[in-house]
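Student: Have a look at the structure that comes next, please.
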Number of protein chains: 2
Amino acid sequence: MGTTLQSASDRYGQLVTHLHLQADLAAALHLLQWDQETYMPAGVAGSRARQIGTLAAALHERRTSPRFLDLVDELAGRQTDLESWQAVDVRETKWRADRQRALESDLVRERSQLHAEARGRWVEAREADDFELLRPYLKRIVEMEQRVARCIDASRDPYEVLLESYEPGMTVKALEDCFERLRTDLQGLVGALPAAGEDGATPTVLQGDFPLDSQRSFNTQVARAIGFDFNKGRLDVAVHPFTMSIGDDVRLTTRYDQTDLRYSLYSTIHEAGHGLYEQGLDPEAHGLPRGTACSLGVHESQSRLWENLVGRSTGFWEYFLPLAKTTFAPLQAASLKAVVHAANETRRSFIRTEADELTYNLHIILRFDLERALIAGQLAVADLPEAWAAHMRQHLGIVPPSNRDGVLQDVHWASGAIGYFPTYTLGNVYAAELATAAEHDIGSFHDLMVRGEFIELLRWLRTHVHRLGQTYRGHALVAAALGREPGPHALVDHLERKNRMMKEL
Amino acid sequence: MGTTLQSASDRYGQLVTHLHLQADLAAALHLLQWDQETYMPAGVAGSRARQIGTLAAALHERRTSPRFLDLVDELAGRQTDLESWQAVDVRETKWRADRQRALESDLVRERSQLHAEARGRWVEAREADDFELLRPYLKRIVEMEQRVARCIDASRDPYEVLLESYEPGMTVKALEDCFERLRTDLQGLVGALPAAGEDGATPTVLQGDFPLDSQRSFNTQVARAIGFDFNKGRLDVAVHPFTMSIGDDVRLTTRYDQTDLRYSLYSTIHEAGHGLYEQGLDPEAHGLPRGTACSLGVHESQSRLWENLVGRSTGFWEYFLPLAKTTFAPLQAASLKAVVHAANETRRSFIRTEADELTYNLHIILRFDLERALIAGQLAVADLPEAWAAHMRQHLGIVPPSNRDGVLQDVHWASGAIGYFPTYTLGNVYAAELATAAEHDIGSFHDLMVRGEFIELLRWLRTHVHRLGQTYRGHALVAAALGREPGPHALVDHLERKNRMMKEL
């Protein structure tokens, strides 16, 4: 028996066919998930969970089929015969395939069962404000993630191995340096802030009666103005806002509070930032690593850049306040200063998702410290609530009155996501760096925004971030856009400037 | 090597696992299709078509995998070892599997490509009112369906083989007898009707200004009152109303005309009739033949029964007119008589989907005659427009002014659906028969409806139709419910009664 060796390019073509098929299955899975959070009637949750499980298993089966893995291995050994852009797809596919096959299917099943159970228990524990309900599950999750890290690469820091699931190529050392610097530099700014509820609760100008239909219309116009393409996307309502791509169909969600415009507006801009990234990926490379977002940190940099550096700026409001005034009665007499002030209100508070731009990163650094200690075996799960309170006291100067407002507030750990939190602050760091570089190339954001020329910024991001997909890993991608190593200084500078501006308003 | 023979019951359990997995894939496919018609943004039609193709292929692969087919064959040979309810699932699965494997995968691919092309061409042909654009594709479709019928069973009437795709167990002979009788009996009633546009176009009381939000609210209340469970279902908007089940999640659609309440109301009741059937299937047998609707004819009997025998009745309006009066300003002074008259307006007209209850069946019989002649080779595709006009003149006494109002009006043939049309009239026939039997058991519909006790009828249908799934084939299912063979008399009686009532109103 003889086999004719096919050209590397032909074999690459076969890889593309596999990846396209996997992308179509992933699209169906994503639609099941999107619908679950938006339009699915409550009574069918059980069958939907089973359908999602079946699709996920079918996708996993394709991604770990011997035929697919053999093809990936063969191409990885023939990278010099490939074009450099083909080699990117092979390199990233091989990296993910190796991580997937390091985990035996029994372990994968056991892990996802554990996550499903623990998430259910987390809901109960949070409702009852009883950490003990969750504790045994969290202990098993920590042990499971330690085991997962060992299976993937027993020779490396297990936390770094887990971190790479969300931020490939990132090192613990680089994160530590960056976060330590941030912690030091932000400490002074944060210490001077009022704690939540400390000062008289005068409502801001963005609080009042904002009818939902008007909010929907305003948010849609904002998203369209910054470049979101509604011909290939939607904006719907979900309890926990998220963005989901169903192939090239990018779906944003937000949630509405009739008494506070900020909630729906900033979650819309945040999600639109994610959506613009997805819509800016190379359509020719759809379903391939080159046409897939780079990492969670880079994704978050896009949402944060639009939300915080654009949406909360004076220039943004100079442009949008006239429309806001005609849309919302309570804003008819509002001054630009009052609106910008309301958009940038800062407080030391307990809940990460409600934290402002300045204090947010301290919430993340706390979680980074604790989860590293958990994985390293230096902190027992039973001691988490106390460690949480101690960190909050030390870095934010406040202590949560309950575990519900403390260690039980996030679903991440109960979902097995350890190593995920740091990507949020990494996003803020990258966002500030990218904004600085973009401003250098295209000129003052303020001047562009006042004229409504958001598309200039979008074009820059398309070129330097979106179109590149996974051509580089996250850190290297940002470094290439900057022409130097990224660091926390731009974020600190931005937050200091904003702090000064707030005092002057 | 020895194999231990597993018990028939164990093997049946494995069949159930296969069928559940196929049902989950089908649910994902249905959600892709439902979303395509409701919420999908226009710009992603291309990628959605590809995702649907991938899922359909994945499902076909499971349904024709050697492991699955071997299991089905083995169980079909061991039916005596099975419980009778298990044997139903095996019998129907085997019947479908045999039909699927009769078609080679090249033929399946060629056929679905042809359908996709022909549907596109049909849109163009209809817009341009040019039959010639569609003619060559229709010719290929007729040849393809002849070939398909030969592959499945070359020894039988090819039209009957195709018909069975939609109505398993139905014979051409039975249909011919039934339809011939209907044609004769309806001829007299229809001849006396005005042709569309003939009489002065006085708007009925159900025409006027009916705001969409009010229509939505009214329709939802009607659907809920007749028993539709919104905890496991939805009502949305689609250009061509349809019902789609995503597992046990049943989704109705309708479309709104602000100037005419009838369109959205009767399409909602029609689709709710389909939805009630789906929601009434045995949840314990979900994904199995016993938990799957019996046939298209039986499905249509449920939609028609609720739409025509309930929704257009005097009793229905006695109950709902008070709510309609508080919901819609134009109805505040409307009399019951005027509303019932408007709900039952009859006209001889060109378009099937706009035809009333009485003339509708003649539109179907025309299509049944023509498609049988096409498959039998007695009518050339090129002669279709002329044959269509001749049939219309003979049976409805009117001739369509264009092919757009004639042979080009329906997408069915261009989608390869030959043998589908008769199930519509079969639905009307079964609906009238089931209504008569139900009325015998539960008492006068009129009395129940006046009191809003629609659930009594629903309970009867659950017992005699919904819960049985595919335990019997369509004709046998209806016969079992009636205790005798079904026939067209009940439908003719119903239409005659309605005709007399309309004259008296």
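Student: Out of curiosity, is A:D24 within 14 Å of chain B (Cβ to nearest Cβ), acidic (D, E) and part of a helix (DSSP H, G or I)? Please lay out each step first, then the result.
Tutor: Numbers: within 14 Å of chain B (Cβ to nearest Cβ): yes; acidic (D, E): yes; part of a helix (DSSP H, G or I): yes.
Judged against the criteria, A:D24 is a match.
Student: May I pose another question? Within segment A:410-505, considering only helices (runs of 4 or more DSSP H) that don't extend past its boundaries, which have at least 1 residues that are on the phi > 0 side of the Ramachandran plot?
Tutor: Working: elements: A:422-442, A:445-450, A:454-464, A:474-482, A:489-504.
Hits in segment A:410-505: none.
Student: Report, by residue number, each residue of segment A:382-425 that is within 14 Å of A:T353 (Cα to Cα) and hydrophobic (A, V, I, L, M, F, W, C).
Tutor: Within segment A:382-425, A:V407, A:L408, A:V411, A:F421 qualify.
Student: Looking at (1) farther than 23 Å from A:D493 by Cβ; (2) under 22 Å from the mean Cα position of the chain (by Cα); (3) in a loop (DSSP other than H, G, I, E, B), can you tell me which one A:A334 breaks?
Tutor: The number of the failed condition is (2).
Student: Related question: Among the residues of segment B:371-386, how many are part of a helix (DSSP H, G or I) and surrounded by fewer than 19 Cβ atoms within 10 Å (Cβ to Cβ)?
Tutor: Residues that pass the stated criteria total 5.
Student: Can you pull out every residue in segment A:27-46 that is among the small types (G, A, S), out of contact with any Leu (no Cβ under 6 Å at 6 or more places or on another chain) and either farther than 16 Å from B:F230 by Cα or more than 8 Å from chain B (Cβ to nearest Cβ) (or both)?
Tutor: A:A27, A:A45, A:G46 - these are the residues of segment A:27-46 that are among the small types (G, A, S), out of contact with any Leu (no Cβ under 6 Å at 6 or more places or on another chain) and either farther than 16 Å from B:F230 by Cα or more than 8 Å from chain B (Cβ to nearest Cβ) (or both).
Student: Okay, moving on. Going by what's in this entry, would A:A57 be described as closer than 22 Å to A:E117 by Cα, more than 10 Å from chain B (Cβ to nearest Cβ) and either crowded, with 20+ Cβ neighbours inside 10 Å or of a type in the set (A, V, I, L, M) (or both)?
Tutor: For A:A57, the condition - closer than 22 Å to A:E117 by Cα, more than 10 Å from chain B (Cβ to nearest Cβ) and either crowded, with 20+ Cβ neighbours inside 10 Å or of a type in the set (A, V, I, L, M) (or both) - is not met.
Student: Identify the single condition in (1) in a helix (DSSP H, G or I); (2) away from chain A (no Cβ under 14 Å); (3) in contact with a Leu (Cβ under 8 Å, 6 or more places away or on another chain) that B:C294 does not satisfy, given that it satisfies every other one.
Tutor: (1)
Student: Say we look at segment A:93-116 and pick out the residues that are small (G, A, S) and surrounded by fewer than 17 Cβ atoms within 10 Å (Cβ to Cβ); which of these is farthest from A:A154 (Cα to Cα)? Working first, answer last.
Tutor: The first filter runs over segment A:93-116 and keeps only residues small (G, A, S), leaving A:97, A:102, A:105, A:112, A:116.
Now narrow it down to the ones that are surrounded by fewer than 17 Cβ atoms within 10 Å (Cβ to Cβ): A:102, A:105, A:112, A:116.
Details: A:A102: 11, A:S105: 19, A:S112: 21, A:A116: 26 Å.
Step by step, filter segment A:93-116, then rank; the result is A:A116.
Student: Quick one: would you say A:R126 is basic (K, R), closer than 30 Å to A:E345 by Cα, touching a Pro at 6+ places or on another chain (Cβ under 6 Å) and at pLDDT 90 or above?
Tutor: Considered against the rule, which asks whether it is basic (K, R), closer than 30 Å to A:E345 by Cα, touching a Pro at 6+ places or on another chain (Cβ under 6 Å) and at pLDDT 90 or above, A:R126 comes out as no.
Student: Something else about it: Could you list, ordered by first residue, the pairs with Cβ atoms under 8 Å in which the first is in segment A:172-194 and closer than 23 Å to A:L162 by Cα and the second is surrounded by fewer than 16 Cβ atoms within 10 Å (Cβ to Cβ) and of a type in the set (F, W, Y), at least 6 apart or interchain?
Tutor: Going by the 8 Å Cβ cut-off, there are no qualifying pairs.
Student: Considering B:L82, B:L71, which residue is farther than 24 Å from A:L21 by Cα, touching a Phe, Trp or Tyr at 6+ places or on another chain (Cβ under 7 Å) and away from every other protein chain (no Cβ under 14 Å)?
Tutor: B:L82
Student: Quick check, is B:V222 surrounded by 19 or more Cβ atoms within 10 Å (Cβ to Cβ), at pLDDT 95 or above and within 27 Å of B:L265 (Cα to Cα)?
Tutor: Taking the combined requirement at face value, the residue satisfies it.
Student: Please enumerate the residues belonging to segment B:313-329 that are of a type outside the set (A, V, I, L, M, F, W, C) and either under 20 Å from B:D356 (Cα atoms) or modelled with pLDDT under 95 (or both).
Tutor: Within segment B:313-329, B:S313, B:T314, B:G315 qualify.
Student: If we only count helices (runs of 4 or more DSSP H) wholly inside segment B:147-261, which ones have 3 or more residues that are within 14 Å of chain A (Cβ to nearest Cβ)?
Tutor: B:212-225
Student: Go through segment A:27-46 and report how many residues are part of a helix (DSSP H, G or I) and closer than 14 Å to B:L31 by Cβ.
Tutor: Qualifying residue count for the region: 13.
Student: Sticking with this structure for a sec: May I ask you to say which residue of B:V123, B:V90 is crowded, with 18+ Cβ neighbours inside 10 Å, of a type outside the set (D, E, K, R) and either out of contact with any strand residue (DSSP E or B) (no Cβ under 7 Å at 6 or more places or on another chain) or within 14 Å of another protein chain (Cβ to nearest Cβ) (or both)?
Tutor: B:V90
Student: Now, a different point. Between a residue in segment B:94-114 that is more than 21 Å from B:R50 (Cα to Cα) and any residue that is of a type in the set (D, E) and in a helix (DSSP H, G or I), which pairs come within a Cβ distance under 9 Å, given they are 6 or more apart or on different chains?
Tutor: If the second residue must be of a type in the set (D, E) and in a helix (DSSP H, G or I), the pairs left are B:K94/B:D73; B:A97/B:D73.
Student: With respect to B:T54, determine if the residue is without any contact (Cβ under 8 Å) to a residue 60 or more places away in the chain and on the phi < 0 side of the Ramachandran plot.
Tutor: Values: without any contact (Cβ under 8 Å) to a residue 60 or more places away in the chain: yes; on the phi < 0 side of the Ramachandran plot: yes.
So B:T54 fits the description; yes.
Here's the yes/no breakdown for (1) within 30 Å of A:F320 (Cβ to Cβ); (2) among the hydroxyl-bearing types (S, T, Y); (3) touching a residue at least 24 places away in the same chain (Cβ under 8 Å); (4) surrounded by fewer than 20 Cβ atoms within 10 Å (Cβ to Cβ):
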residue	(1), (2), (3), (4)
A:A389	no, no, no, yes
A:G406	no, no, yes, no
A:G427	yes, no, yes, no
A:A431	yes, no, yes, no
A:D447	yes, no, yes, yes
A:G452	yes, no, yes, yes
A:E456	yes, no, no, yes
A:H464	yes, no, yes, yes
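Student: State the number of residues belonging to segment B:277-291 that are more than 14 Å from every other protein chain (Cβ to nearest Cβ), closer than 16 Å to B:L457 by Cα and among the acidic types (D, E).
Tutor: Looking only at that region, the number is 0.
Student: Of all residues in segment A:88-146, how many are within 30 Å of A:L468 (Cα to Cα) and assigned to a helix (DSSP H, G or I)? Talk me through it step by step, then tell me what you get.
Tutor: First, the residues of segment A:88-146 that are within 30 Å of A:L468 (Cα to Cα): A:88-103.
Next, only the ones that are assigned to a helix (DSSP H, G or I) stay: A:88-101.
The number of residues fulfilling the criteria is 14.
Student: Sticking with this structure for a sec: Answer with yes or no whether A:Q51 is farther than 27 Å from A:W95 by Cβ, out of contact with any Ser or Thr (no Cβ under 8 Å at 6 or more places or on another chain), in a helix (DSSP H, G or I) and within 9 Å of chain B (Cβ to nearest Cβ).
Tutor: Judged against the criteria, A:Q51 is a match.
The values are calculated or read from the model by the stated rules, or taken from the named source; none is laboratory data. These figures come from a predicted structure and were not determined experimentally. No Cβ is skipped: glycine too gets one built from the backbone with ideal geometry, and neighbour counts run over all protein chains shown.
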